[in-house]
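Peer 1: A single structure is presented below for examination.
Here, each number is a calculation from the coordinates, and none is a lab measurement. Everything quoted here is computed from the prediction, not taken from an experiment. Cβ atoms come from the backbone with ideal geometry, glycine included; neighbour counts cover every protein chain shown.
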Amino acid sequence: MQRIGFIGLGIMGKPMAQNLLKAGYPLVVYNRSRPAMDELTTEGARLADSPKAIAEQSDVVISCVSDSPDVEAVALGSDGIIEGAKPGLLYIDMSTIAPATARKVYTTLKATGVEALDAPVSGGDIGAQQGTLSIMVGGDEAAFQRSLPILQAMGKNIVYIGEAGAGQVTKACNQIIVALTVQAVAEALTLAKKAGVDVAKVREALMGGFAQSRILDIHGKRILEGDFQPGFKLNLHRKDMNIVLQTGREMGVPLFGSAQVTSMMDALLAQDKGELDNSAIATLYELLSGLT
Ligand code: NAP
């Protein structure tokens, strides 16, 4: 079995790494801060002290960190993957980052004999825990075929999109739909609440019709319960909307809905709500509707 190294044990990375262990892969892990690593070692993973050390001990390296500069640091920086990699290593980045950064990482590593895939995910913390993530992949098709059994331990709907960066373009499209649907659910449930009808029954009724969605289900429940523990943090979704708006500008595509929901996110970040789940957009609707 291929030896896997995993970098970034956050809300997403930790359960993804746990699913690789459950599938029987020998796993070495690195996280910038310590507690998440200790949990993984009790489940059978070994520890490494840098991305470089991870690359030295692995056939395949996976990362799931926050943003474009973080992926650049982990992959190409000092003590990064590039310093420990041997030709033939496969690097799969599963973070959500700018397509341009994914292409830069691909090109730089390719010159050293390392294959790179951009393989961002959708499905949230629950999908990561259940191993049911949707995974959208960019890079060389042969590298994708090599990655497939590994990705199947973490996800269900795994689609090869095209050349390097194509996975991240797909993820940007995903984030538009998620942002606008969270906004729609928050808007609708606020209207129901202000109108004095039973919001739980509204959600139950809508779940059986055309308005049904995973977001009405999961985020709708969070809004109903006022439980905004992340999930997917607002500041990470705001980071993704930056990628979305930038890509729209580069392509000459006006993204009206994305621009509007991004401003709502900015209002929430100005209230120090960036660490809450993205469904906390409902709190802004409630505030502006005189409900809080
Ligand atoms: P998170 O809980 O904040 O975890 C981020 C992880 O990245 C942490 O382990 C953090 O280490 C590590 N990290 C950040 N910068 C780093 C750096 N410069 N060097 C080394 N490690 C670094 O975030 P998450 O929710 O797991 O999200 C991870 C990625 O998946 C993001 O790109 C996000 O947009 C994407 N994503 C998230 C979801 C979701 O529902 N949460 C869904 C799909 C995609 P520390 O522990 O030391 O901070």
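Peer 1: Is there a quick way to get the dipole size of the stretch 7-112? I mean about its Cα centre, with the Cβ of Lys and Arg at +1 and of Asp and Glu at -1; what is the value in debye to the nearest 20? Intermediate values should be presented prior to the final figure.
Peer 2: Numbers: 10 positive and 12 negative charges, 45 e Å.
That gives the stretch 7-112 a dipole magnitude of about 220 debye.
Peer 1: In addition: With +1 on the Cβ of every Lys and Arg and -1 on the Cβ of every Asp and Glu, and nothing else charged, how large is the dipole of the chain about its Cα centre, in debye rounded to the nearest 20? Don't jump to the answer; show the numbers that get you there.
Peer 2: Working: 26 positive and 31 negative charges, 66 e Å.
With only Lys, Arg, Asp and Glu charged at Cβ, the dipole is about 320 debye.
Peer 1: Alpha carbon centre of the stretch 208-228 versus the stretch 1-52: separation in Å?
Peer 2: Spelled out, the Cα-based centre of one part sits 32 Å from the other.
Peer 1: Can you work out the base-10 log of I(q)/I(0) for the stretch 1-79 at q = 0.15, 0.24 1/Å, using the Debye formula on its C-alpha atoms alone?
Peer 2: For the stretch 1-79, the Cα-only Debye profile gives -0.43, -1.14.
Peer 1: Among Lys14, Lys239, rank each residue by its count of other Cβ atoms within 10 Å, from fewest to most, as a rough exposure measure. Intermediate results must be reported in sequence, preceding the final value.
Peer 2: Numbers: Lys14 22, Lys239 19.
If I rank by nearby Cβ atoms, fewest first, I get Lys239, Lys14.
Peer 1: Classify the stretch 230-270 from the C-alpha gyration tensor, please: rounded if a/c falls under 1.5, else prolate or oblate depending on whether a/b exceeds b/c.
Peer 2: Cα axes put the stretch 230-270 in the prolate bin.
Peer 1: I need the P(r) histogram for the stretch 33-184: all alpha carbon pairs, bin width 10 Å from 0 out to the longest distance, whole percents.
Peer 2: Using 10 Å bins, I get a P(r) of 11, 40, 37, 11, 1 for the stretch 33-184.
Peer 1: While we're here: Let me see the P(r) profile for the chain: every Cα-Cα distance counted, bins of 5 Å, each bin given as a percent of all pairs.
Peer 2: The percentages, shortest bin first, are 1, 6, 12, 16, 17, 15, 12, 9, 6, 3, 2, 1, 0.
Peer 1: Here is a further query. Of Ala205, Ala166, Ala259, which has the largest mean-square fluctuation in a 10 Å C-alpha GNM of the chain?
Peer 2: Looking only at Ala205, Ala166, Ala259, the largest GNM fluctuation is found for Ala205.
Peer 1: Given a cut-off of under 8 Å on Cα pairs at least six residues apart, what relative contact order in percent is computed for the chain? The partial results should precede the final answer.
Peer 2: Numbers: 535 pairs, mean separation 38.7, N = 292.
After rounding, I find 13 percent.
Peer 1: If neighbour count is taken as other Cβ atoms inside 10 Å, put Met12, Met207 in order from fewest to most. Kindly include the intermediate steps, with their values, before the conclusion.
Peer 2: Details: Met12 25, Met207 13.
So the ranking, lowest neighbour count to highest, is Met207, Met12.
Peer 1: For Val28, enumerate residues with amide H under 5 Å from its amide H, sequence gap 5+ or separate chain, H modeled in the peptide plane.
Peer 2: Ile4, Gly5, Phe6, Arg46
Peer 1: How much of the DSSP beta bridge set in the chain is antiparallel, as a percent to the nearest 5? Please report the intermediate quantities before stating the final value.
Peer 2: On the way: 4 of 28 bridges.
Antiparallel bridges make up about 15 percent of those DSSP assigns within the chain.
Peer 1: Sticking with this one: For a paramagnetic label modelled at 7 Å from the Cα of Ala100 toward its Cβ, which residues of the stretch 248-269 fall within the zone defined by backbone nitrogen distances under 17 Å?
Peer 2: Counting backbone N atoms under 17 Å from the label point, the list is 248-253.
Peer 1: To check you understand DSSP bridge types, tell me what percent of the beta bridges within the stretch 52-154 (both residues inside) are antiparallel, rounded to 5.
Peer 2: Values: 3 of 11 bridges.
So the antiparallel bridges amount to about 25 percent of the total.
Peer 1: So how compact is the stretch 47-117: Cα radius of gyration and Dmax in angstrom?
Peer 2: Taking only Cα atoms of the stretch 47-117, I get Rg and Dmax of 10.6, 31 Å.
Peer 1: For the stretch 169-288, would you read off the P(r) tail past 18 Å as a percentage of all alpha carbon pairs?
Peer 2: Values: 3560 of 7140 pairs.
Across the stretch 169-288, Cα pairs with separations above 18 Å total 50 percent.
Peer 1: Tell me the mean residue ellipticity at 222 nm calculated for the chain from its helices only (DSSP H runs of n ≥ 4, each -39500 (n - 2.57), averaged over every residue, nearest 500). Walk me through the numbers on the way to the answer.
Peer 2: Numbers: 14 runs with 157 residues, N = 292.
Value at 222 nm, helices only: -16500 deg cm²/dmol.
Peer 1: With label points built 7 Å along Cα→Cβ from the Cα atoms of Thr41 and Lys110, find their separation and express it in nm.
Peer 2: 3.9
Peer 1: Exposure proxy check: Cys173, Cys64 ranked by fewest other beta carbons within 10 Å? Working shown, then result.
Peer 2: Numbers: Cys173 13, Cys64 26.
If I rank by nearby Cβ atoms, fewest first, I get Cys173, Cys64.
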